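Take a look at the structure below.
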Amino acid sequence: MNEVVHAPIGKLPRNGNPLVAHKFGADPYVLVFNGRVYLYNTDDVLEYDEQGEVKENSYGTINRISVISSDDLANWTDHGVIQVAGPEGAAKWATQSWAPAAAHKRIDGKDRFFLYFANNASGIGVLTSDSPTGPWVDPIGRPLIARDTPGVQGVVWLFDPAVLVDEDGKGYIYFGGGVPEGQHENPGTARVMRLGDDMISVVGEAEPIPAPFMFEDAGIHKKGSRYYFSYCSNFYDGMRPEGSPPAGEIAYMTSTHPMGPWTYQGSILKNPGHFFGVSGNNHHAIFQFHESWYIAYHAQTLSKAMGVAKGYRSTHLNQVFLDEEGAILPIEADMVGVKQIKPLNPYARVGAETMAWCAGVNVQQFQPGTVGQGEPLVALADIHHGDWTAVSGVDFGAGASAFAASVSCTNDGGVIELRLDSPDGQRIGSLQVPSTGGQWSEMTTPVSGAEGVHDLYLIFKGKPDIELFRLGEWQFR
């Protein structure tokens, strides 16, 4: 059998950025719930011209939001996409879904989840769910914020929402952007507005936030009694007063109240071009997970590695540090990312769509109601000879004796080689996958040498040029 193993593209092993390499994801927003970080992204997908060449991202056809999550910040589970807008979407009145924001609130004793999205720059919608991964429904059938919403006059772009649910249960939505003619220094296009107790209505009038050189990308978080409003500065290339944010950087303001007044503090994250050699718009979310603070942001690192850096973005994660006075220190973006905060348990069922690194694979999403009992809603697919996935920091403890996996195969099958620490590392076992007639089947194989903490590589082998099988979940015993 040919021993070729495909090289990773965009995300190299041991690096944490970009978070996933099998797809893009832009405009990240974070919801922390029940010990997991859920990341919602604009679902950037390659667009092609009539000659089959990748063209510049038009953003005009994006009507889905993608979701990934992690409990260790190293291994990310792909939950697929949310069909937000368009004929197949939950919000059929909308044509696009950009720049999501997510929130959680207990209402009448139940956990409720809210997904806010921009319908291009014309308004902001909201979906609701009983789970951070859906299914989602549109509870109001129209925009939550539109051109006739009180207080939005003068806002060029009604988009890029961010949401805060304060300790008292009150919700606030931050949004806006754009630069009116000749108003680069003080665009006056950032807004904050009270949400109703139901989180699907707005109260009163949107209040301006006097953000210097505002462009887009509202962000909000709270530490102690201080509120932090952050945003991306505009690309005005003229003279700027001393202390103003340079072009395309993340800057922030603070207040002691969620609706202001606000005090400008400074710039904290330079444009992606400074760190990665490929510029573009800057979009972020700052959040706390356990005791540490982090920033999610996007950059065109994966598309650059693919040779198609034409507006297709990927989410990154780096740590945020504050001084004793609560000021945010300048943030260093890099490909290394953040540390894994706990090991992965291989003795619990792990979805094959959970990955730290990969080469060549994709993730397939099935609709609820179309799968049978025991079948996955999300599976690893598009698996060919030489493809592989890996998970980081697996704690085998005293040792594993067997590996089990849920697989589906419609052809001659293939092999899953289990290796430690690299694609050509120590082999601890191999699982032969025969044809299952397209049915999902549980298969096991003995393993040896899996002890202590290692990265685990699943190497896929079989006949060239055919899809070998689909992989649902796996587990060591």
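The values are calculated or read from the model by the stated rules, or taken from the named source; none is laboratory data. Remember, predicted model here, so these are calculated numbers, not experimental data. Cβ placement follows ideal geometry from the backbone for every residue including glycine, while neighbour counts extend to all protein chains displayed. Ligands, DNA and RNA are stripped out before the accessible areas are found, and what is left, the full protein with its side chains, is counted by its heavy atoms. Shrake-Rupley method; radii C 1.70, N 1.55, O 1.52, S 1.80 Å.
Quick one: would you say A102 is over 14 Å from the mean Cα position of the chain (by Cα) and open to solvent by less than 10 Å² (accessible area, probe 1.4 Å)? It is false that A102 is over 14 Å from the mean Cα position of the chain (by Cα) and open to solvent by less than 10 Å² (accessible area, probe 1.4 Å). Criterion applied to F229, F289 was being within 21 Å of the chain's Cα centre (by Cα), farther than 16 Å from I328 by Cα, buried (at least 18 other Cβ atoms within 10 Å of the Cβ) and not hydroxyl-bearing (S, T, Y), and the one residue passing it is F289.
Only one of the listed residues (K342, K304) is part of a helix (DSSP H, G or I), of a type in the set (D, E, K, R), surrounded by fewer than 20 Cβ atoms within 10 Å (Cβ to Cβ) and at pLDDT 95 or above. That residue is K304. Going through region 217-226 one residue at a time, which ones are surrounded by fewer than 17 Cβ atoms within 10 Å (Cβ to Cβ) and in contact with a Phe, Trp or Tyr (Cβ under 9 Å, 6 or more places away or on another chain)? If the condition is that a residue be surrounded by fewer than 17 Cβ atoms within 10 Å (Cβ to Cβ) and in contact with a Phe, Trp or Tyr (Cβ under 9 Å, 6 or more places away or on another chain), then K222, K223 are the ones that fit. Taking region 421-477 as the range and being on the phi > 0 side of the Ramachandran plot and of a type in the set (D, E, K, R) as the test, the residues that pass are D421, D465. Of all residues in region 387-404, which are under 27 Å from the mean Cα position of the chain (by Cα) and farther than 13 Å from L420 by Cα? Correct list: D387 only. Consider region 439-453 and keep the residues that are open to solvent by 50 Å² or more (accessible area, probe 1.4 Å) and in a strand (DSSP E or B). The one that is nearest to S401 (Cα to Cα) is P446. Applying the selection to region 408-430, what residues are under 23 Å from L377 (Cα atoms) and assigned to a loop (DSSP other than H, G, I, E, B)? Those that are under 23 Å from L377 (Cα atoms) and assigned to a loop (DSSP other than H, G, I, E, B): C409, T410, N411, G413. Selection of region 118-138 for residues being surrounded by fewer than 16 Cβ atoms within 10 Å (Cβ to Cβ), part of a loop (DSSP other than H, G, I, E, B) and in contact (Cβ under 8 Å) with a residue 24 or more places away in the chain yields only P135. Here A162 meets each of (1) without any contact (Cβ under 8 Å) to a residue 60 or more places away in the chain; (2) touching a Gly at 6+ places or on another chain (Cβ under 8 Å); (3) not charged (D, E, K, R) with one exception, condition (1).
For region 387-400: of the residues being in contact with an Asp or Glu (Cβ under 8 Å, 6 or more places away or on another chain) and open to solvent by 20 Å² or more (accessible area, probe 1.4 Å), which is nearest to D424 (Cα to Cα)? It comes out as G399.
Answer yes if at least one residue in region 448-466 is of a type in the set (V, I, T), touching a residue at least 40 places away in the same chain (Cβ under 8 Å) and out of contact with any Lys or Arg (no Cβ under 8 Å at 6 or more places or on another chain), and no otherwise. Checked against the condition, which is being of a type in the set (V, I, T), touching a residue at least 40 places away in the same chain (Cβ under 8 Å) and out of contact with any Lys or Arg (no Cβ under 8 Å at 6 or more places or on another chain), region 448-466 yields at least one hit. Residues that are aromatic (F, W, Y) and free of Cβ contacts under 8 Å to residues at least 24 places away in the same chain within region 43-67 comprise just one, Y48. Scanning region 237-263 for residues that are closer than 25 Å to L195 by Cα and open to solvent by 60 Å² or more (accessible area, probe 1.4 Å) yields a count of 4.
If you check N34, N2 for being open to solvent by 30 Å² or more (accessible area, probe 1.4 Å) and at pLDDT below 95, only one passes: N2. Evaluating H384 against the criteria (1) in a strand (DSSP E or B); (2) open to solvent by 40 Å² or more (accessible area, probe 1.4 Å); (3) of a type outside the set (A, V, I, L, M, F, W, C); (4) farther than 26 Å from L73 by Cα leaves one unmet condition, (1).
Count of region 274-286 residues, restricted to those that are of a type in the set (A, V, I, L, M) and crowded, with 18+ Cβ neighbours inside 10 Å, is 2.
Taking the listed residues D160, D148, the one that is open to solvent by less than 40 Å² (accessible area, probe 1.4 Å), at pLDDT 95 or above and acidic (D, E) is D160, with no other qualifying.
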